[in-house]
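Data block below; observations after.
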Amino acid sequence: MKKRQFIQAISAATLGLAYAPLFAQSSKEPQKFSLQGIDVNGKKLDLNDFLGKTVLVSFFTAGCSLCTRDLKLMREFYVGNAKRNFVLLAINIDEDKKDFETYNQLIALTIPKEQRFPTVWRNAVGHKDNFGVISRQPTHFVINAKSQFVFKREGTFQPNDWDNLWESLGT
């Protein structure tokens, strides 16, 4: 039983059955995320290409120190779990394309090819996604292999986020 389900069950039991409907799961269809763009190598990228894989979508800017830290840790996770049907997608949200290009030049010089993951510029012509307004850097979304939203983290990944990401690989 997941933490949220456990807390809901305990809360419903504590408050009595009269309040149980307050904790019932919504019958509303869960949000399906979409993303279409062109990666740094000029290749078309579509979130649907990764069906059957757990996907970590990370929104970042080139000058963000928290983003750099998170992407370094996520790169290590990516390298260790790529064979477990895990994909990391980095979505750059810099206003100026030059910042995005400079970032990618640095990556090309410092990161081995097998450790690189798809990176796109959100402000590119033709880029489309429905992840909404990104107000904190970095912001991460985890989508499991069944294309179900797992969680969103605004700001740096927390220790239990890594656990949740790891668990999502098994679904």
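The values are calculated or read from the model by the stated rules, or taken from the named source; none is laboratory data. Please read these numbers as outputs of a predicted model, since none were measured by experiment. For neighbour counting, all protein chains shown are included, and Cβ atoms are generated from backbone atoms with ideal geometry for every residue, glycine included.
Residues of region 141-171 being touching a strand residue (DSSP E or B) at 6+ places or on another chain (Cβ under 7 Å), closer than 16 Å to Ala90 by Cβ and assigned to a loop (DSSP other than H, G, I, E, B), which ones?
If the condition is that a residue be touching a strand residue (DSSP E or B) at 6+ places or on another chain (Cβ under 7 Å), closer than 16 Å to Ala90 by Cβ and assigned to a loop (DSSP other than H, G, I, E, B), then Phe157 is the only one that fits.
Checking the conditions here, which among Ile134, Ile91, Ile111, Ile107 is aliphatic (A, V, I, L, M) and touching a Leu at 6+ places or on another chain (Cβ under 8 Å)? Please lay out each step first, then the result.
Numbers: Ile134 fails: touching a Leu at 6+ places or on another chain (Cβ under 8 Å); Ile111 fails: touching a Leu at 6+ places or on another chain (Cβ under 8 Å); Ile107 fails: touching a Leu at 6+ places or on another chain (Cβ under 8 Å).
Result of the check over Ile134, Ile91, Ile111, Ile107: Ile91.
Going by what's in this entry, would Leu89 be described as under 22 Å from Leu35 (Cα atoms), in the same structural domain as Val55 (by TED's automatic domain parsing) and within 15 Å of the chain's Cα centre (by Cα)?
On the way: under 22 Å from Leu35 (Cα atoms): yes; in the same structural domain as Val55 (by TED's automatic domain parsing): yes; within 15 Å of the chain's Cα centre (by Cα): yes.
Yes.
Anything in region 125-149 that is in contact (Cβ under 8 Å) with a residue 24 or more places away in the chain and either touching a Gly at 6+ places or on another chain (Cβ under 6 Å) or not assigned by TED's automatic domain parsing to the domain that holds Asn81 (or both)? List them, or say none.
Keep residues of region 125-149 that are in contact (Cβ under 8 Å) with a residue 24 or more places away in the chain, which gives 126-131, 134, 137-149.
Passing the criteria: His127, Ala145.
Return the only residue of Arg116, Arg136, Arg153 being out of contact with any Ser or Thr (no Cβ under 8 Å at 6 or more places or on another chain) and surrounded by 13 or more Cβ atoms within 10 Å (Cβ to Cβ).
Arg116 is the lone residue from the list that is out of contact with any Ser or Thr (no Cβ under 8 Å at 6 or more places or on another chain) and surrounded by 13 or more Cβ atoms within 10 Å (Cβ to Cβ).
Does Val40 qualify as being among the hydrophobic types (A, V, I, L, M, F, W, C) and at pLDDT 95 or above? Show your work before the answer.
Values: among the hydrophobic types (A, V, I, L, M, F, W, C): yes; at pLDDT 95 or above: no.
No; evaluated as a whole, the condition is false for this residue.
Regarding region 124-140, can at least one residue be identified that is part of a loop (DSSP other than H, G, I, E, B) and farther than 29 Å from Glu101 by Cα? Spell out how you get there, then give the answer.
Taking region 124-140 first, the residues part of a loop (DSSP other than H, G, I, E, B) are 124-127, 130-138.
The next check asks that each one be farther than 29 Å from Glu101 by Cα; those that pass are none.
The answer is no, given that none of the residues of region 124-140 is part of a loop (DSSP other than H, G, I, E, B) and farther than 29 Å from Glu101 by Cα.
List the number of the failed condition for Ser26; all other conditions in (1) at pLDDT 60 or above; (2) over 15 Å from Phe141 (Cα atoms) hold.
Going through (1) at pLDDT 60 or above; (2) over 15 Å from Phe141 (Cα atoms) one by one, Ser26 breaks only (1).
Condition first: in contact with a strand residue (DSSP E or B) (Cβ under 9 Å, 6 or more places away or on another chain), farther than 12 Å from Leu71 by Cβ and in contact (Cβ under 8 Å) with a residue 24 or more places away in the chain. Now tell me which residues in region 98-118 satisfy that.
Within region 98-118, the first condition is being in contact with a strand residue (DSSP E or B) (Cβ under 9 Å, 6 or more places away or on another chain), and the residues that meet it are 99-101, 103-104, 107, 117-118.
Now narrow it down to the ones that are farther than 12 Å from Leu71 by Cβ: 99-101, 104, 118.
Passing the criteria: Asp99, Phe100, Asn104, Pro118.
Out of region 80-97, which residues are over 15 Å from Thr68 (Cα atoms), of a type in the set (D, E, K, R) and in contact with a strand residue (DSSP E or B) (Cβ under 9 Å, 6 or more places away or on another chain)? Step through it out loud before you land on a result.
Within region 80-97, the subset over 15 Å from Thr68 (Cα atoms) is 80-87, 95-97.
Going one step further and asking which of them are of a type in the set (D, E, K, R), we end up with 83-84, 95-97.
Matches in region 80-97: Arg84, Lys97.
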